[in-house]
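Asker: Can you keep this structure in mind? I'll have questions shortly.
Coordinate-derived values only; no laboratory data. For clarity, every value in this text was computed on a predicted model and none was experimentally measured. Cβ sites come from the backbone with ideal geometry, for glycine too, and all protein chains shown count toward neighbours.
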Amino acid sequence: MTGIPAIPVTVGIACYSEARWNLLIETIASVQAQDHPHRIVVAVDHNPALYQRLTQHYGDEIAVVENQHQRGASGSRNTIGLAATTPLVVFLDDDTYADPGWLSALVAPLTAPGAERVVGAGGRILPVWHQAEPRWFPREFGWVIGATRPATSPEPYPVRNVWAASMIVRREVFVAVGGFRADFGKVGDLSEPEDTELCLRMARTAPGALWLHVPSAVIRHHVPADRSGVAFFLRRCWLEGRGKAGLATLTRSRSDRAEALSEESNYLRRVLPQGIRAYLRQGDAVGLAKAGMVLAGVATTGLGFALGLVRSR
């Protein structure tokens, strides 16, 4: 008895720097090892030397293309998504690697019976610390180092948005909304939540359209040693605040703004207070340090958000 053939997908990896060469090779190898049918496309962000090195290294083994749009991660991903020919397109960052079964798990919710309302999904992202995880680091701030929050269910469940570090989209919907915004996103050290903004637009394309978080689709995200300090933590919080201010200014109505910041509101009202109470109940210096960093992170993010709003107006 033969089963239904698996739907092939395009797996796109955006890259920009030769400094990440070894990590990029690891990323590509982890995709090549996946058991779901796929085609790999690597988009190089305006770096001719890296483009040439990749084409020489892989030959015809994978597709290597140059970013045909504006500089930045959004342009590279649009180059991949808008040019793909498969109905499903997956995005993966160049400083991650996928666990076995990641791709099959990510594809499953979009190909299951009755999945027509699902416009996209994202997987679980776990950190790989290059030096020991700091004792003061609060797990509620996993987003600072590119890690998702603990799953609320082992099965896929609806979320407002997923992250482009591990994202699958229906290409038809992705193209219909024009892909990632050209004027919003990550370029160099600038950090704006272009993935959240895309998810909001795609979810508005049809009544009941939704995104899913898939806990069983696991990737690992590298956390270099220079991202293990307090200075990086606070700077990332600052940039997140500014980025969310930019997201708020893109919305046209009060209801859209409330939707755009709904997860952040719940995070501030419930998740962080629970974390602080838990850390204080530890009754030791580590718990006190983590509670203090939660407060410092909230203050820094809030200040970045406030000043970002003022600047945009």
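Asker: Skipping prolines and chain starts, which residues have an amide H placed within reach, meaning under 5 Å, of the one on Ala164, given they are 5 or more residues away or on another chain?
Answerer: Here the answer is Asp195, since their amide H atoms fall under 5 Å of that of Ala164.
Asker: If I compute mean projected area of the Cα convex hull in nm² from the structure I just sent, which labelled value in [x] 22.2; [y] 17.2; [z] 19.1 lines up?
Answerer: Step by step, mean projected area of the Cα convex hull in nm² for this structure corresponds to label [y].
Asker: Can you list residues whose amide H is under 5 Å from Tyr16's amide H, if they're 5+ apart or on another chain and H is modeled 1.01 Å from N?
Answerer: Those lying under 5 Å, H to H, from Tyr16 are Asp45.
Asker: Let me ask something else. Under a 10 Å cutoff between Cα atoms, tell me which one of Arg171, Arg220, Arg117 has the largest fluctuation in the Gaussian network model of the chain.
Answerer: It is Arg117.
Asker: Per DSSP H run of at least 4 residues, take -39500 (n - 2.57); add these up for the chain, divide by its residues and hand me the 222 nm value, nearest 500 deg cm²/dmol. Walk me through the intermediate numbers first.
Answerer: Details: 11 runs with 132 residues, N = 313.
Calculated mean residue ellipticity at 222 nm is -13000 deg cm²/dmol.
Asker: With a 10 Å cut-off between alpha carbons and a GNM built on the chain, which of Gly241, Gly59, Gly81 moves the most?
Answerer: Largest GNM mean-square fluctuation: Gly59.
Asker: Taking neighbour Cβ counts within 10 Å as the exposure measure, how do Ser153, Ser216 sort from fewest upward?
Answerer: On the way: Ser153 8, Ser216 17.
Ordered by Cβ neighbours within 10 Å, fewest first: Ser153, Ser216.
Asker: As I understand it, the dipole of the range 229-313 uses +1 on the Cβ of Lys and Arg and -1 on the Cβ of Asp and Glu, about the Cα centre. Which of Gly292, Cys237, Leu307 lies farthest toward its positive end?
Answerer: Leu307
Asker: Once you order the gyration tensor axes a ≥ b ≥ c over the Cα atoms, which shape class does the range 229-313 get: rounded for a/c under 1.5, otherwise prolate or oblate by comparing a/b with b/c?
Answerer: Values: a/c = 3.89, a/b = 1.77, b/c = 2.20.
Judged from the Cα gyration tensor, the range 229-313 comes out oblate (a/c at least 1.5, b/c at or above a/b).
Asker: Does anyone have the angle between helix 21-32 and the longest principal axis of the chain? Alpha-carbon axes, 0 to 90°, nearest 10?
Answerer: 60
Asker: Note the full-extension length gain between Ser17 and Leu307 as 0.36 nm times their separation in residues minus their Cα-Cα distance, in nm to one decimal.
Answerer: Numbers: separation 290, 0.36 × 290 = 104.40 nm, distance 3.08 nm.
Working it through step by step, the gained length comes to 101.3 nm.
Asker: Scan around Gln68 for amide H atoms under 5 Å from its own, H built in the peptide plane at 1.01 Å from N, and keep only partners 5 or more places away or cross-chain.
Answerer: Thr79
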